[in-house]
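Chemist: Below you'll find the structure I mean.
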Amino acid sequence: MTLLSGKNALIFGVANERSIAWGIAKAFHAQGATLGFSYAGELLERRVRPLAESLGSTFIEPCDVARDEDIQQVADKASAAFGQIDILVHSIGYAKAEELEGPYYRTSRDGFHLAMDISVYSFTALAGAFQPILRPGGALLTLTYYGAEKVAPNYNVMGVAKAALEASVRYLAYDLGPRGVRVNAISAGPIRTLAASGVSGFKDMYRHFHRLAPLQQNVTIDDIGGTAVYLCSDLSARVTGEIIYVDSGYNILGFPIPPCD
Ligand code: NAD
């Protein structure tokens with residue numbers, strides 16, 4: 001008996017084998033979940049389909065989360081394919097590259113709306129569309145970053161978006177709690193992915209991170225996968241509305257100092 005056997009999990013946000021969503025998918029598969037995947041658009045299918053098939057998945061559907069009709073279509077198809085869903089993972093974020101450098105006050109109105117739409121509202125929209133087929137005892141999970149709470153230079157509008165996403169986690173947890181559905185987020189330390197490479201200065205931040213964090217190690221997508229299994233299995237049956245850090249302890253520091261060589 002594995003921790004997720006008998007559970008259907010839908011994973012939004014695999015772009016390639018470096019994606020955090022892929023680390024989560026592998027961990028779920030190892031724990032016996034039946035997986036379905038949704039990817040951003042036709043361009044990504046070539047990468048996502050073979051990955052999904054390697055974990056035995058046959059449900060592989062495109063969905064641009066900026067489009068309500070795409071979201072509804074995936075929900076309808078998931079209902080037909082699985083009946084009910086136990087787990088939904090939202091591992092999606094986007095802001096224009098020009099918003100992720102320089103001062104935050106230069107954020108454009110368009111750029112602000114786009115980042116909030118793709119990175120925040122989409123989680124709420126997915127929760128709404130899938131709510132009729134979420135099985136009691138189910139779990140929703142999203143991914144956030146410490147830049148929601150403290151200033152991370154260049155993270156800018158994404159930091160503001162993550163703050164709103166974390167608030168959404170709490171409101172959704174309140175809404176869905178009476179139905180026995182839990183909603184949580186993982187706040188991940190820096191990981192080298194496609195999305196992260198869009199943040200100006202990310203490489204430097206990544207390079208220094210393991211020297212500053214208490215555990216002195218970088219975070220991997222497999223580390224995130226392990227905590228995702230906890231948050232989406234009955235191990236965390238009474239945990240909801242929480243932001244769980246998987247960041248080698250970085251967030252506990254008031255004043256990071258590199259260790260002496
Ligand atoms: P990634 O680039 O692999 O994943 C981002 C995903 O968002 C991609 O699959 C992309 O296709 C998807 N996406 C973007 N726009 C979309 C749209 N309109 N419709 C559907 N999907 C769309 O990078 P990642 O680092 O794995 O990012 C996953 C999540 O983790 C994001 O929310 C990110 O902010 C968060 N996160 C990342 C880090 C890090 O250091 N990599 C740290 C903390 C949190």
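Chemist: For segment 21-35: of the residues being assigned to a helix (DSSP H, G or I) and hydrophobic (A, V, I, L, M, F, W, C), which is nearest to the ligand (Cβ to nearest atom)?
Modeler: Looking at the filtered set, the residue picked out is ALA21.
Chemist: Here's another thing I want to ask about it. Output the helices (runs of 4 or more DSSP H) that fall wholly within segment 67-148 and possess 1 or more residues being of a type in the set (Asp, Glu), or say none.
Modeler: 68-82, 109-116
Chemist: If you don't mind, there's one more thing I want to ask. Please verify whether segment 160-178 includes one or more residues that are more than 12 Å from the ligand (Cβ to nearest atom), within 26 Å of THR227 (Cα to Cα) and in contact with a Phe, Trp or Tyr (Cβ under 7 Å, 6 or more places away or on another chain).
Modeler: Scanning segment 160-178 turns up at least one residue that is more than 12 Å from the ligand (Cβ to nearest atom), within 26 Å of THR227 (Cα to Cα) and in contact with a Phe, Trp or Tyr (Cβ under 7 Å, 6 or more places away or on another chain).
Chemist: Could you grab the pairs with beta carbons closer than 6 Å, sequence gap of 6+ or different chains, first residue in segment 96-118 and farther than 12 Å from VAL199 by Cβ, second one open to solvent by 60 Å² or more (accessible area, probe 1.4 Å)?
Modeler: Within 6 Å, the pairs are ILE118/TYR94.
Chemist: If a residue must be open to solvent by 50 Å² or more (accessible area, probe 1.4 Å), hydrophobic (A, V, I, L, M, F, W, C) and either in contact with a helix residue (DSSP H, G or I) (Cβ under 9 Å, 6 or more places away or on another chain) or assigned to a strand (DSSP E or B) (or both), how many such residues does segment 41-65 contain?
Modeler: So the count comes out to 0.
Chemist: Can you tell me which of PRO190, PRO153, PRO214 is part of a loop (DSSP other than H, G, I, E, B) and under 19 Å from the mean Cα position of the chain (by Cα)?
Modeler: Going through PRO190, PRO153, PRO214 in turn, the sole match is PRO190.
Chemist: Follow-up question, since we're still on this one. Pairs please, first residue from segment 210-227 and more than 20 Å from GLY13 (Cβ to Cβ), second anywhere and assigned to a helix (DSSP H, G or I) and open to solvent by 40 Å² or more (accessible area, probe 1.4 Å), Cβ atoms under 8 Å, 6+ apart in sequence or on different chains.
Modeler: Going by the 8 Å Cβ cut-off, the qualifying pairs are LEU212/TYR250; ALA213/TYR250; PRO214/TYR250; PRO214/ILE252; GLN216/HIS210; GLN217/HIS210; ASN218/TYR206; ASN218/HIS210.
Chemist: Given the options VAL160, VAL246, VAL169, VAL181, name the one that is within 17 Å of GLU149 (Cα to Cα) and more than 15 Å from the chain's Cα centre (by Cα). So that I can check it myself, show each step before the final result.
Modeler: Details: VAL246 fails: more than 15 Å from the chain's Cα centre (by Cα); VAL169 fails: more than 15 Å from the chain's Cα centre (by Cα); VAL181 fails: within 17 Å of GLU149 (Cα to Cα).
Only one candidate passes the filter, namely VAL160.
Chemist: In segment 47-59, how many are more than 13 Å from the ligand (Cβ to nearest atom) and on the phi < 0 side of the Ramachandran plot?
Modeler: Here the count works out to 8.
Chemist: Something else: Just one of ASP76, ASP68, ASP86 is more than 21 Å from GLY138 (Cα to Cα) and modelled with pLDDT of 95 or more; which is it? Talk me through it step by step, then tell me what you get.
Modeler: Numbers: ASP76 fails: more than 21 Å from GLY138 (Cα to Cα); ASP86 fails: more than 21 Å from GLY138 (Cα to Cα).
The match here is ASP68.
Chemist: Are any residues in segment 222-252 more than 18 Å from VAL169 (Cα to Cα) and in contact with an Asp or Glu (Cβ under 9 Å, 6 or more places away or on another chain), and if so, which ones?
Modeler: Hits for segment 222-252 are SER248, ASN251.
Chemist: I'd like to verify a number: residues in segment 184-205 that are buried (at least 16 other Cβ atoms within 10 Å of the Cβ) and within 13 Å of the ligand (Cβ to nearest atom), how many?
Modeler: So the count comes out to 14.
Chemist: Condition check: buried (at least 18 other Cβ atoms within 10 Å of the Cβ) and farther than 23 Å from GLY201 by Cβ. Does LEU176 satisfy that?
Modeler: Details: buried (at least 18 other Cβ atoms within 10 Å of the Cβ): yes; farther than 23 Å from GLY201 by Cβ: yes.
Answer is yes for this residue.
Chemist: Here is a further query. Please name all residue pairs, on different chains or six or more residues apart, with Cβ atoms under 6 Å, provided the first residue is in segment 150-165 and is under 20 Å from PHE123 (Cα atoms) and the second residue is among the hydrophobic types (A, V, I, L, M, F, W, C) and open to solvent by 30 Å² or more (accessible area, probe 1.4 Å).
Modeler: Between residues of segment 150-165 that are under 20 Å from PHE123 (Cα atoms) and residues that are among the hydrophobic types (A, V, I, L, M, F, W, C) and open to solvent by 30 Å² or more (accessible area, probe 1.4 Å), the close pairs are VAL157/PHE112; ALA161/MET116.
The values are calculated or read from the model by the stated rules, or taken from the named source; none is laboratory data. All of these numbers come straight from a predicted model, not from anything done at the bench. Positions of Cβ are backbone-derived with ideal geometry, glycine not excepted, and every protein chain shown enters the neighbour counts. Just so you know, the surface numbers come from the protein's heavy atoms only, side chains and all, with ligands and any DNA or RNA stripped out. Shrake-Rupley method; radii C 1.70, N 1.55, O 1.52, S 1.80 Å.
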